[in-house]
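Some notes on the structure that comes next.
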Amino acid sequence: MKEIIATQGLVKNYYRNHNSNHPEARIEVLKGLDLSILEGEYVCIMGSSGGGKTTLLKILGMMESITDGEYYFQGKDASKLWKDELADIRRKKIGFVFQDYYLMDSLSVEENIMVPMILDKAPADKMREKMHSLTERFGVEKLIRKAPCELSGGEKQRVAICRALMNDPDIIMADEPTGNLDAKSSRRLMETFDSINQEMKKNIILVTHDPKIARCGNKIFFIDDGVIVKTLKKKEGDSAAFYKEILHEMEE
Amino acid sequence: MNTIIKIYQKITCLVYVFFFAALWLPWMEIGNKSYHLPGYLRMVQKAGGIVAMTDGSPDFVASYYLFFIPVLAGILAVIYAVSLLAGRPFKVLYTMVRWCEFIYVAAAVILFPMVPLLWTYILPLLCLAEYVAGQYVAQHDEIAKAARERMERDRREKEERKRRLYFPGRYGIDFFRMVLKNAKYHIRNYIMLILSGTFLMLFLYLTFALKYAFQGVHTEEAVVGGRLQGILLEAVWIGLVLNAVLMALSFSYYIRNKIKEENALVLLGIRSRALTSIMVMEYTGCLACSAVMGILMGNIAFRILISALGKRLPVRACSLPVSSYLILIGIFAVAALIAAMVNGHVYEHMRWEQAGLLVTGTGEIPGISVWIGLAVGCYAIFSAVSQFGRREGGEGEELLLYFLFGMVLVIRFLKGVQVQRLKKTEHRYYRELFRKLIFIKSFGQNMKKIYLLTGIAFLVMYPLTAVYAVNAAVTDMEQQYPYDFVCRVSEEGTDAFEEIRDRYKLDAEEYPMTTVYTLMPNDISVTSSLKSLFFMEYASVANGRQVLVEPPAQAGIPASVYLKLKENAGKKAKARGPEGEDIFVVYQESLLTRAHVLDWSGTEESIFLQTACEGMDVNSYSAYTERRVAGQERDILTGVCDGGKQQNLVVFSDEYFQTIYQGEKLYLFQTGTAEKGFYEKVRAELQKAEEDTGMLHFYDRKASVQDTEAERYLRQVVWLFMLILTGLSGIYLLFIKFCFEMDEITERYRFLSCMGMREREVRKTLQREMLPFFLLPFFAAGASAVMFTGLMFRVRLYSPSEMGQYLRYALPVWCGYWLIQAIVCLIIRGVLHSKIRFEQGGVR
């Protein structure tokens, strides 16, 4: 299978008070991280808090720059891409789902879903058609006229998924999508991700703490202190063993 | 209860009997006789009716018919009282009495100063008291029961609250540390609040200090007459309103930001009383800081101003008395309270919204109302401009307010229609969505800021610049008085003047003249009427007319004298003079005021006037005859006239002048370089002669120059200060809008960038979002200011050189204001953009 994301020696540092000269002002978040994601994979990133999961996702989503190392997106070196090219990739190739949904209160649900296509200056009828097909698929078609503040957490997250899929991206990146949801809504959401991966053949990169969520993926990266400490791969039809492995790794 | 009703019925009867009896009291004085109401009505009947008696004056006619209403009310009231005593009250009569009262009060308010029966205002007041008492008596039981229930409910709720919110002990030191740390984190909010308060206090301090410093400069009459006070009062009102608005705006933003952290604290279990205390402490703390900073900065500004004024006027810096400090702190506190009250609803609204009890409206784009608004707005603009442009009308503040109201409606229409059209075409709507998002989603809120910015820009560009630029551009005062003394002497007073002339060997130019009376100035000004009402000057607001004891008198001269005066002034005559009974008018007005049509009820082309004839009645409308104005100009031939009362020149043809001439003379002379005190001696003599004979009237250069120059200079300095302050307010308004909304804007654009909006698009969209706050006020206020300036040139009859002189001062102000606005917009855009930009991809 084709490799769509690859990193080599990925380093990310933050600097206190924007002081990059002083060594004590430096916070090392990612310390030489190598990973590879193939086409169609459902990848979960797990690890302890402060381990660098969200930072990695932001880097993979081109929302953060890297301090050192190499990052290849669909074979292209991200460091050699212009800002506009990066924006185009974010808009066309990647769909984001955030823990806090990030729905714009000033827009209605349908407008929120259509944001990526609006930014893409797509024709209105095409946008509407796509929006209707997605909202029907994810069961939010009755909510499109409402304001985001009128929705429940699960509904908001499904709306966010519709938005992420609007531009038919190659990859869906989700940062703790079930973080604010109850068990039932979480389960439903994971089924949605499953169907996106299986039926729509999209890559999914998901950051989570929850082993029950992580077991849906077929590859898991465990990150600790800025490096990948373990990579687990799911074998066909061996879901229970995979879950045990995850739990075991988490305990370790 | 029965006893109360019986007592109440007796009181009601007494009240109405008193009303009826009171109508027979001699309350009105005409000439030396007093009349009671029926007597007055009989007297009018004897005189052949009110129209004949008052020469058709509409005010008197209307007020006369008004008197019938209380008579009717009194009769009805007495019948009602009798029926009440008889135990069978006619309730319909009672209702009719009330209606009479209503009509009477409404009409009397309109014609208030023309109603000699002032005490009859007791009538509606007593009726009101009786009504309240009646309602109370009738509903006493219900009110008492409801009050008891309410008290009991409150008591129970209080106990429940106490039980549920029981808090063992006090908050520890860590709590206060947390509050302090939080305050430090949100320092921007407090700075904004403190800044707006400081502005207000600085302005108040300066007003009081200037007033105090200037008290000794003017002549006693000028101070008492209130011209100086008037200048300062105008400044106070504009400044107070403007600063109160800004303060309210800062406070509303402060609350919006505060409510977010309040929610977090509520979730953590903080008591609501503690939260309220924190807010009150923060607010009062900010206000206290503002007060101290405002006084300190005001003191510095005052000293700078005084050092500037001290070059021309005998003023010196002085400290304010304690009483003044108390008053200005009182005014400051009132403004702060009003701001707090205005924003109380914002706080409540936000809390309801946060509690989920209120759903934020998504679409508030106005619908058909913009078209109605357009019609009303166009009418308001048209009528304000057409009235303003008439020399018969006025440059009143109310016309400017009326115009601004119209402009607001038109701007609302333009923006409303733009957004409506956007919503009609789906494709355009989505293309423009992010650029116009703030107007699509919160139209009203953002338009309010545009209205305010437009209003402020208009204030800066027209009224404030006009006062400043005209005062700065006005010709040197000395030049506006070509003669030291201008005397108007009737035939009987000629001997008295000649005696003075001979005694002091005055080289006076002697010209024939006749006093020309014009109709009373028709000062139809709502604001001045309200001002006069406020100061209880009833006589000056009759039907909006300024009733003068003596109507304005101008100097009527023959054409030959006009040509001679022109020659003396070294100027070329514009016309050879009028023919027949036509007239030519020379408006000797300063640039500061409009060259107002002499007869304010007439038109520019024809006016009503009468010359001084024996037995004339200046108050009789029919005594004034219509004359065609053959020509007009604004020039200074004898001396400048600032009040429009005495010194304008009405030029008649020589032939016609001979027919109306009655021996009156105009003496113009200089005192030359005689010994010291000579000028004052002559002045004292003329003053004495004026008081003794009453046949001689004069005005002199020194007194006029001293007063008008002091006023002009004060006006120039104070209004320049107002101009700067208002300009700063506009900038501050932009600043607080974007500063307080910075987090929301940054978050929105960062999100859009994450979703793939290109950086150039982000910059463009942000610019398009900000642009209406600059461009709309720029075009609306700019066009209006240019138009009003043109109208001002017209009504003040400015010459091209005077226009140039005006623009020399006005253009730098206009350009400066917009340049600073543009720079501030660019800075804000730059700051916002730098905050939005984030490190995307690549290697850093």
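Quick look at the values:
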| item | result |
| --- | --- |
| Which listed residue is within 14 Å of another protein chain (Cβ to nearest Cβ) and either touching a His at 6+ places or on another chain (Cβ under 8 Å) or buried (at least 22 other Cβ atoms within 10 Å of the Cβ) (or both), from B:PHE485, B:PHE497, B:PHE439, B:PHE458 | B:PHE439 |
| Residue identified as buried (at least 18 other Cβ atoms within 10 Å of the Cβ), at pLDDT 85 or above and either β-branched (Val, Ile, Thr) or not assigned by TED's automatic domain parsing to the domain that holds B:LEU728 (or both) among B:PHE388, B:PHE403, B:PHE382 | B:PHE403 |
| Those residues of segment A:70-123 which are over 30 Å from A:GLY154 (Cβ atoms), touching a Lys or Arg at 6+ places or on another chain (Cβ under 9 Å) and more than 8 Å from every other protein chain (Cβ to nearest Cβ), in sequence order | A:PHE73, A:GLN74, A:GLY75, A:GLU85 |
| Residues of segment A:124-137 satisfying the condition of being over 20 Å from B:PHE434 (Cα atoms) and either assigned to a loop (DSSP other than H, G, I, E, B) or facing another protein chain (nearest Cβ under 8 Å) (or both) | none |
| Residues of segment B:279-303 classified as without any contact (Cβ under 8 Å) to a residue 12 or more places away in the chain and more than 27 Å from B:GLU262 (Cα to Cα), total | 3 |
| Selection within segment B:275-315 - out of contact with any Gly (no Cβ under 8 Å at 6 or more places or on another chain) and of a type in the set (S, T, N, Q) | B:THR276, B:SER277, B:THR284, B:ASN299, B:SER307 |
| Residue check for A:PHE242: in contact with a Lys or Arg (Cβ under 8 Å, 6 or more places away or on another chain) and at pLDDT below 85 | yes |
| All positions within segment A:168-177 that are touching a strand residue (DSSP E or B) at 6+ places or on another chain (Cβ under 7 Å) and part of a loop (DSSP other than H, G, I, E, B) | A:PRO169, A:ASP170, A:GLU176, A:PRO177 |
| Number of the exception - A:GLY50 against (1) more than 10 Å from every other protein chain (Cβ to nearest Cβ); (2) crowded, with 16+ Cβ neighbours inside 10 Å; (3) of a type in the set (Gly, Ala, Ser) | (2) |
| One residue from B:ALA822, B:ALA785 being away from chain A (no Cβ under 14 Å), of a type in the set (A, V, I, L, M, F, W, C) and in contact (Cβ under 8 Å) with a residue 60 or more places away in the chain | B:ALA785 |
| Restricting segment B:70-109 to residues that are part of a helix (DSSP H, G or I) and among the small types (Gly, Ala, Ser), the residue that is modelled with the highest pLDDT | B:SER83 |
| Evaluation of B:GLY394 against (1) crowded, with 21+ Cβ neighbours inside 10 Å; (2) small (Gly, Ala, Ser); (3) modelled with pLDDT of 80 or more (one fails), failing number | (3) |
| Test: residue in segment B:430-450 that is farther than 30 Å from A:MET117 by Cα and of a type in the set (Ser, Thr, Tyr) | no |
| Test set (1) more than 14 Å from chain A (Cβ to nearest Cβ); (2) surrounded by fewer than 18 Cβ atoms within 10 Å (Cβ to Cβ) - B:THR425 fails condition number | (1) |
| From B:LEU776, B:LEU752, B:LEU766, residue being more than 21 Å from B:ARG188 (Cα to Cα), out of contact with any strand residue (DSSP E or B) (no Cβ under 6 Å at 6 or more places or on another chain), touching a residue at least 12 places away in the same chain (Cβ under 8 Å) and within 12 Å of chain A (Cβ to nearest Cβ) | B:LEU752 |
| Given (1) surrounded by fewer than 16 Cβ atoms within 10 Å (Cβ to Cβ); (2) within 30 Å of A:ARG145 (Cα to Cα); (3) at pLDDT 85 or above; (4) of a type in the set (Val, Ile, Thr), index of the condition B:VAL370 fails | (1) |
| Residue match in segment A:151-159 (condition: at the interface with chain B (Cβ under 8 Å from one of its Cβ atoms) and in a helix (DSSP H, G or I)) | no |
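Results for (1) of a type in the set (Phe, Trp, Tyr); (2) free of Cβ contacts under 8 Å to residues at least 60 places away in the same chain; (3) assigned to a helix (DSSP H, G or I), shown as yes or no for each residue.
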site: B:LEU666; (1), (2), (3): no, no, no
site: B:VAL682; (1), (2), (3): no, no, yes
site: B:GLU685; (1), (2), (3): no, no, yes
site: B:LYS688; (1), (2), (3): no, yes, yes
site: B:ASP692; (1), (2), (3): no, no, yes
site: B:PHE698; (1), (2), (3): yes, no, no
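The values are calculated or read from the model by the stated rules, or taken from the named source; none is laboratory data. What you see is a predicted model, and the numbers here were worked out from it, not measured in a lab. In this analysis, Cβ positions are derived from the backbone assuming ideal geometry, glycine residues included, and neighbour counts consider all displayed protein chains.
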